[in-house]
1. So, in nm, how far is label Glu421 from label Arg755 when the simple model puts each one 7 Å beyond its Cα toward the Cβ?
2. Please compute the contact order of the chain in relative form: average sequence separation of alpha-carbon pairs under 8 Å and at least six residues apart, divided by the residue count, as a percent.
3. First measure r as the distance between the Cβ atoms of Lys715 and Ala461, then evaluate 1/(1 + (r/R0)^6) with R0 = 60 Å and state the FRET efficiency to the nearest 0.05.
4. Would you tally the net charge around Asn636, using a Cβ to Cβ cut-off of less than 15 Å, leaving Asn636 out, and scoring K and R as +1, D and E as -1?
5. So the label point goes 7 Å from the Cα of Ser414 along Cα→C-beta, right? Which residues of the stretch 628-665 then have their backbone N under 18 Å from it?
6. Provide the per residue accessible area, probe 1.4 Å, for the stretch 282-412, rounded to a whole number of square angstrom.
7. In the structure shown, do any of Lys173/Lys715; Lys19/Lys299; Lys238/Lys524 have a Cα-Cα gap over 30 Å, and if so which?
8. Rank by packing, highest mean first: peptides 598-609, 559-570, 541-552, with packing defined as the count of other Cβ atoms within 10 Å averaged across residues.
Amino acid sequence: MVLTHSLGYPRIGARRELKFALEAYWRGDSPREALLEAGAGLRARHWRDQAGLTLVPVGEFSFYDQVLDMSFTLGNLPARVRGFHGDTLDNYFRVARGRSAEAHAACCGGVAAGEMTKWFDTNYHYIVPEFDADTSFALDATRLLAQLREAQAQGVAAKPVIIGPVTYLALGKAKDGTDKLALLPKLLPVYAQLLAALGQAGAEWVQIDEPLLVTEQDDAWREAFKTAYAALDTGSVKLLLATYFGRLLENLPLVAALPVQGVHLDAINARDEVEALVAACPEGRVISLGVVNGRNIWKTDLAATLSWLEPVAERLGNRLWLAPSCSLLHVPVDLASEQKLDPEVKSWLAFAVQKLDEVALLAKALNEGREAVAPALAANAGAIAARRSSRRVHNPAVKALVAAITPALGHRHSPFAVRAETQAALLNLPLYPTTTIGSFPQTREIRVARGAFKAGTIDDAAYEAAMRREIEHAVRAQEELGLDVLVHGEAERNDMVEYFGEQLEGYVFSRNGWVQSYGSRCVKPPILFGDISRPAPMTVAWIKYAASLTDKPMKGMLTGPVTILNWSFVRDDQPRSVSCQQLALAIRAEVLDLEAAGVRIIQIDEAALREGLPLRRAEWRAYLDWAVGAFRVTANGVADETQIHTHMCYSEFNDIIEAIADMDADVITIETSRSDMELLDVFEDFNYPNQIGPGVYDIHSPNIPGEAQIIALMKKAAERIPPQRLWVNPDCGLKTRQWQEVTPALASLVAAAHRLRAEAGQ
């Protein structure tokens with residue numbers, strides 16, 4: 001019999017219950033007991049959702065981040081949080097966000113939050129483990145064992161989930177340059193203790209995630225896998241080694257040779273490796289295949305999947321397990337909650353609950369024959385065929401515009417040095433000009449007005465008046481603070497991607513399709529189902545109004561085509577590059593309309609440029625060619641006088657700096673506050689030609705930076721980049737913060753810029 005399981009489940013809740021419980025606790029509006037009860041309730045509900053599986057994942061539920069959970073399980077706490085009062089949960093939140101709850105802020109203040117970066121090529125952010133030569137490890141399995149006992153008490157067939165030791169080391173950073181692999185001998189005994197504890201607690205199988213195996217590794221790291229799994233082959237439990245997000249390629253023989261009892265392969269991305277893995281693995285090993293896409297929301301073509309699965313099932317029998325390709329953390333919870341979604345498009349979709357139904361249906365077809373599920377297979381085939389033939393998906397006019405794209409569309413009239421002189425004369429900005437990244441706090445008043453407008457209880461005129469009031473408030477606040485380049489604050493925007501998608505043809509939107517980005521931060525990716533076009537201007541009226549309120553330069557704020565693409569659920573029936581070109585033409589039209597309206601600074605955010613980078617370097621060039629090309633098509637139709645900005649956040653981009661320079665934006669703003677300007681190290685060897693704003697205010701933490709802290713960071717930046725090319729700005733937008741945090745933080749930022757100018761003699 002073919003067995004079923006999943007690698008992980010969305011933890012935020014179908015209605016974002018975890019988000020609201022966390023934020024209430026952090027604010028001090030609810031006690032710790034309420035937070036813990038909310039977590040227990042969500043776990044119980046999610047285990048019930050997965051009750052039809054042979055094995056259910058346990059321990060992947062987290063109050064913030066699974067990598068941070070692993071750090072605490074291994075006793076790897078940064079020195080700066082040791083010795084604080086409170087328990088493990090207090091310190092956990094201090095590492096995650098700089099402080100525990102607001103009740104502790106007065107007595108303890110804040111600490112530097114852990115660095116945050118993207119989880120492989122997803123939009124999920126993890127807290128980076130920190131190492132140095134003195135790092136030691138000590139097991140604290142309290143959280144994981146408690147969840148295991150909880151699941152067992154509820155009759156769950158539990159499979160604990162942990163991050164593997166080699167991937168854990170690779171995900172971290174050695175602050176003092178220590179060789180991370182030198183820590184492996186210290187780490188492995190703790191992992192062995194953890195597996196023994198899980199076995200003693202009744203776990204038969206443990207899922208140990210090693211997604212590092214789908215990336216290129218040198219001999220030392222490949223040898224580390226051999227060392228690690230030889231040490232963990234203790235018989236305490238059966239190990240299911242889970243890989244996902246890509247193909248194993250040269251690592252396939254390594255995986256096959258490791259002493260584990262099961263291997264999971266992402267058969268969505270590595271379908272062509274199934275036969276080779278089955279042939280290479282020893283007789284008796286379980287082969288788990290990810291046959292349903294855990295990262296996108298389209299229905300699986302069940303008949304086509306069965307056609308290649310049936311011979312595999314015949315060969316493996318009960319050694320074949322079926323699962324989604326990866327954790328379902330990356331998709332919304334339940335399509336059944338979408339009562340207002342476009343019904344035609346809805347019929348093509350599957351969220352987490354429906355994906356598990358697909359896994360169960362495939363297993364039943366393999367175990368009992370296709371006739372046992374014939375009605376479901378027929379319904380699925382009808383939905384697949386309807387999507388392929390829908391006229392709403394294909395627009396010949398859009399395809400013709402893409403075919404007409406020429407290299408000339410991606411080139412500015414003059415090189416940067418010429419443009420910079422023209423822009424300096426026009427804008428007349430001081431040394432170390434100050435600005436923000438675009439958004440300001442989304443206040444209760446904004447949310448209430450937006451909700452009333454969507455509910456139909458206020459009309460267009462009332463909503464526009466409410467948003468204009470908020471925009472004016474943001475403009476006046478920036479003038480009072482003394483910022484040099486202003487923004488309109490984006491009060492009218494629910495999300496930096498959804499806002500644009502709502503005004504583009506080819507998109508639809510869910511109401512409850514939330515996905516966790518980090519901690520309590522959730523996003524609702526729009527669904528890109530067809531060819532993209534822009535029926536009308538999207539931002540011009542709002543920016544023109546904001547500009548009319550001030551004599552200072554006003555930035556126009558747009559989201560770039562690569563970020564819109566990477567932060568959407570994207571159609572899978574054409575290359576992503578083609579969809580990106582369609583988006584580039586749509587946003588290019590908006591850029592030109594802003595310029596025609598007199599906007600002389602336009603920021604085109606590409607926060608997700610690196611996120612789309614393939615996991616293997618051999619594939620980078622092809623991606624960067626079309627991604628950077630799409631940005632250039634979007635940005636480079638403007639005159640020399642128009643200054644183009646772009647923004648990137650929480651992305652390690654040192655290894656693609658040449659591609660970023662090739663974007664040819666006049667100004668780039670980046671995140672550097674959590675990494676203590678480490679991201680600027682690349683500029684010691686690479687002569688980046690254009691202007692840059694290193695983020696000096698960590699907006700993902702409630703901590704408020706002081707003037708001295710910002711000056712110190714900017715002086716570090718000035719060691720690598722001439723001050724004449726430096727801007728002073730936060731590291732990301734401010735929509736998730738409160739005005740009482742933002743105002744003093746920006747005051748420090750402006751004061752720091754004034755001090756730096758004075759020291760430079762300006």
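1. 3.6 nm
2. Numbers: 1436 pairs, mean separation 97.1, N = 762.
With pairs under 8 Å counted, the relative contact order is 13 percent.
3. Numbers: r = 50 Å, r/R0 = 0.83.
After rounding, the FRET efficiency stands at 0.75.
4. Values: positive: Arg412, Arg419, Arg588, Arg632; negative: Glu590, Glu595, Glu606, Asp640, Glu641, Asp662, Asp664, Asp666.
It works out to a net charge of -4.
5. Residues 636-645, 664-665 fall inside that zone.
6. Working: 5620 Å² over 131 residues.
On a per-residue basis, the stretch 282-412 sits at 43 Å².
7. Values: Lys173/Lys715 23 Å; Lys19/Lys299 28 Å; Lys238/Lys524 37 Å.
Beyond 30 Å between Cα atoms: Lys238/Lys524.
8. Details: 598-609: 23.9, 559-570: 26.4, 541-552: 16.8.
Per-residue Cβ counts within 10 Å, averaged per peptide and sorted highest first, yield 559-570, 598-609, 541-552.
The values are calculated or read from the model by the stated rules, or taken from the named source; none is laboratory data. Computed from a predicted model, the values in this text were never measured in an experiment. Please note: Cβ atoms are built from the backbone with ideal geometry, for glycine as well, and neighbour counts cover all protein chains shown. Keep in mind that these areas ignore ligands, DNA and RNA; they rest on the heavy atoms of the full protein, side chains included. Shrake-Rupley method; radii C 1.70, N 1.55, O 1.52, S 1.80 Å.
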